[in-house]
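Asks: Sharing a structure with you now.
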Amino acid sequence: MSKRFTQVKEQLLKERQNLLQDVSNSYEACREIGQDGVPDIGDMSSAAYSRDILFNVSETQRQRINDIDVALTQIEKGEYGVCMSCGEDISPRRMEVRPFSRYCIECKTDIEKFGE
Ligand SMILES: [Zn+2]
């Protein structure tokens, strides 16, 4: 495994940790909103609105955690930075810009044009 991927791995693990923290904070916040007394309809809708926002945020975070897990597995297997379609190395520059890329630019373009 190259040193570069060791750094990527550390970064991903750290980000994953932060995301997990954020998600559990969101759940805490949801619970607090949910437990508020419900004095009138105005407050009710604003509480529901906040819950929706928090739910969407944590959805995005869960998706991100999933992406990180996939990348970590790929690093373990030595498949990280390798195109899933043609098996060629994805350009390091592309991996820097989009750390969760699974296809090289050529294949990605084909997939977008013709589907997977
Ligand atoms: Zn490819």
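Please treat every number below as a calculation from the coordinates, not as lab data. Computed from a prediction, not measured in an experiment: that's the story for all the values here. A quick note on method: Cβ atoms are made from the backbone with ideal geometry, for glycine too, and the neighbour counts reach across all protein chains shown.
Asks: Fewest first, what order do LEU13, LEU72 take by the number of other Cβ atoms within 10 Å?
Replies: LEU13, LEU72
Asks: ARG64: net charge of surrounding residues, Cβ under 12 Å, Lys/Arg +1, Asp/Glu -1, itself excluded?
Replies: -3
Asks: Would you mind checking which residues have amide H under 5 Å from VAL82's amide H? H placed 1.01 Å from N; only 5 or more apart, or other chain.
Replies: Those qualifying (amide H under 5 Å, at least 5 residues apart or on another chain) are ILE90.
Asks: At a Förster radius of 25 Å, what calculated FRET efficiency corresponds to the Cβ-Cβ distance of GLU28 and THR6, to the nearest 0.05?
Replies: 0.15
Asks: Additional query: Sorted from fewest to most neighbouring beta carbons within 10 Å, what does the list ARG31, ARG94 look like?
Replies: ARG31, ARG94
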